[in-house]
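Comments concern the structure below.
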Amino acid sequence: MRWDELLTIIAWIGPFVFAVMFLPLEKWFPRLRSASRAHARTIIIFCIGVTTLISLFLFSVFFQEHIVDAAYRVHLFDFAKLPIPVWLNFILCFLLIDFATYVIHFAEHKLSFLWRLHRVHHADFSVTSTTGLLHHPLETILTFVFLLCAYVIFGIPVVVIIVYGALTALHSILSHSNIRYPKILNSYLKYLIVTPDIHRTHHSIVPREGNSNFGQILPIWDHIFGTFIERPQNGFAAIKMGLPDGDKMKQWSFKSLLYMPFSKNE
């Protein structure tokens with residue numbers, strides 16, 4: 001099996017495997033003991049994740065080629081042909097993709113029609129590794145279309161796209177994980193990657209905290225644009241995650257999560 005095929009497989013099914021691996025660790029070494037490990041919740045989230053995965057796969061099979069053709073008509077630049085060392089080109093393009101995901105995430109919190117889709121992810125009041133699988137199919141498809149167009153328009157090398165896709169798929173599970181780890185580790189990692197504590201703050205129901213830390217893998221964009229908050233104001237022991245009372249779901253179920261974007265009260 002070629003390396004690109006392996007990384008592609010990791011990007012598609014890796015998050016599910018990673019989430020399962022984290023389940024016992026979250027039970028034995030929880031960061032927050034209040035986090036729910038209810039089997040029903042976990043099963044529902046996995047079902048949403050599988051539905052999203054299948055939806056994205058079918059969409060890419062039927063529409064990816066047409067999207068690429070349309071985007072190529074407005075092709076603006078070709079990063080793949082820059083006269084710079086390969087390693088520098090890789091870093092530059094990696095940063096560009098990560099910045100694009102920051103912009104998407106920021107927009108999802110600021111534009112109402114995108115927030116209606118993204119709030120499904122924030123509906124989880126007990127953030128754990130499986131929360132990384134909780135995304136509405138339409139949100140994932142829209143993100144896919146935006147990034148695919150950006151890749152084509154700016155000529156991003158395929159190798160960077162594949163590597164970033166695999167890394168962000170696994171990191172999404174890690175950043176939502178409820179695992180206790182040495183504080184000294186976080187004190188160093190918080191400058192390099194989005195750690196679970198940093199992203200846990202983003203899931204706070206406090207508006208200022210919930211509208212912070214939009215970075216996908218790198219926290220640099222939050223530092224640059226002033227959207228970085230290291231920890232909740234009242235500490236992690238008192239943090240409340242999920243949606244505000246007026247936005248909460250009436251019932252936590254597979255059907256409710258899928259219909260949530262289309263119902264004002266769901």
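The values are calculated or read from the model by the stated rules, or taken from the named source; none is laboratory data. Worth saying up front: this structure is predicted, and the values here are computed from it rather than measured. Don't worry about glycine lacking a Cβ; one is built from the backbone with ideal geometry, like all the others, and counts go over all protein chains shown.
Values computed for the structure shown
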{"item": "Residue that is surrounded by the fewest Cβ atoms within 10 Å (Cβ to Cβ) [pool: residues in the range 12-37 that are in contact (Cβ under 8 Å) with a residue 60 or more places away in the chain and not in a helix (DSSP H, G or I)]", "result": "29"}
{"item": "Out of 251, 216, 233, sole residue that is at pLDDT 95 or above, out of contact with any strand residue (DSSP E or B) (no Cβ under 8 Å at 6 or more places or on another chain) and not hydroxyl-bearing (Ser, Thr, Tyr)", "result": "216"}
{"item": "Test: residue 179 is closer than 24 Å to residue 29 by Cβ and touching a Gly at 6+ places or on another chain (Cβ under 6 Å)", "result": "no"}
{"item": "Qualifying residue in the range 31-43 (condition: modelled with pLDDT under 95, farther than 30 Å from residue 245 by Cβ and in contact with a strand residue (DSSP E or B) (Cβ under 9 Å, 6 or more places away or on another chain))", "result": "no"}
{"item": "Filter result for residue 9 (surrounded by fewer than 17 Cβ atoms within 10 Å (Cβ to Cβ) and not basic (Lys, Arg))", "result": "yes"}
{"item": "Residue within the range 210-229 that is touching a Pro at 6+ places or on another chain (Cβ under 7 Å), of a type in the set (D, E, K, R) and not in a loop (DSSP other than H, G, I, E, B) present", "result": "no"}
{"item": "Among residues of the range 200-239, those that are more than 24 Å from residue 92 (Cβ to Cβ), free of Cβ contacts under 8 Å to residues at least 40 places away in the same chain and not hydroxyl-bearing (Ser, Thr, Tyr), counted", "result": "13"}
{"item": "Pairs where the first residue, in the range 241-253, is on the phi < 0 side of the Ramachandran plot and of a type outside the set (Gly, Ala, Ser) and the second is at pLDDT below 90 and not in a helix (DSSP H, G or I), C-beta under 6 Å, 6+ apart", "result": "241/125; 249/266"}
{"item": "Residues of the range 195-209 satisfying the condition of being outside any helix (DSSP H, G or I) and either among the basic types (Lys, Arg) or in contact with a helix residue (DSSP H, G or I) (Cβ under 8 Å, 6 or more places away or on another chain) (or both)", "result": "195, 203, 204"}
{"item": "Residue list for the range 254-266, restricted to those being touching a residue at least 12 places away in the same chain (Cβ under 8 Å) and either β-branched (Val, Ile, Thr) or part of a loop (DSSP other than H, G, I, E, B) (or both)", "result": "265, 266"}
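Conditions (1) over 14 Å from residue 214 (Cα atoms); (2) of a type in the set (A, V, I, L, M); (3) modelled with pLDDT of 95 or more, marked per residue:
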position: 75; (1), (2), (3): yes, no, no
position: 78; (1), (2), (3): yes, no, no
position: 81; (1), (2), (3): yes, no, no
position: 90; (1), (2), (3): yes, no, yes
position: 94; (1), (2), (3): yes, no, yes
position: 104; (1), (2), (3): no, yes, yes
position: 110; (1), (2), (3): no, no, yes
position: 122; (1), (2), (3): no, no, yes
